[in-house]
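Each reported figure results from applying straightforward, stated rules to the coordinates on display, with no laboratory input. Keep in mind it's a predicted model, so treat the numbers as computed, not measured. Cβ placement follows ideal geometry from the backbone for every residue including glycine, while neighbour counts extend to all protein chains displayed.
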Amino acid sequence: MNLSNITMAEITHFLGWCTLINLVILAVTTVAIVCFKSAMNSFYSRLLKLEANQVSDLFFRFLVHYEVAVLVLNIVPYTALKIIS
């Protein structure tokens, strides 16, 4: 595949699907963390040898970092390409 033949429309389409997939992953992960908080805290506190409040903090940081990554790497480029095309 010759990458120089990819059009902006194809890149926009690709980023749109990436955005959708990553937002679904973010939503499912958030729901899982909220709904199964105690089970996940106990499992990961034993696995990582941390206290439950530290595990909750790690979950929150993960969600924030993932959300920022989706925003910067998917949503912003997709929106920019939609605006200019």
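Quick notes
- Relative contact order of the chain, defined on C-alpha pairs under 8 angstrom at six or more residues apart (%): 50 percent
- Each of Val68, Cys35, Ala80 was placed along the dipole of the chain (beta-carbon charges, centred on the mean Cα), and the one lying farthest toward the positive end is Cys35.
- Overall Cα dimensions of the stretch 7-84 - principal axes, largest extent first, Å: 49, 17, 16
- Each label was represented as a point 7 Å from its Cα along the Cα-to-Cβ direction; for Asn2 and Thr30 these points are 4.3 nm apart.
- Net charge dipole, the stretch 23-85: roughly 80 debye, given to the nearest 20, about the Cα centre with Cβ charges of +1 for Lys and Arg and -1 for Asp and Glu.
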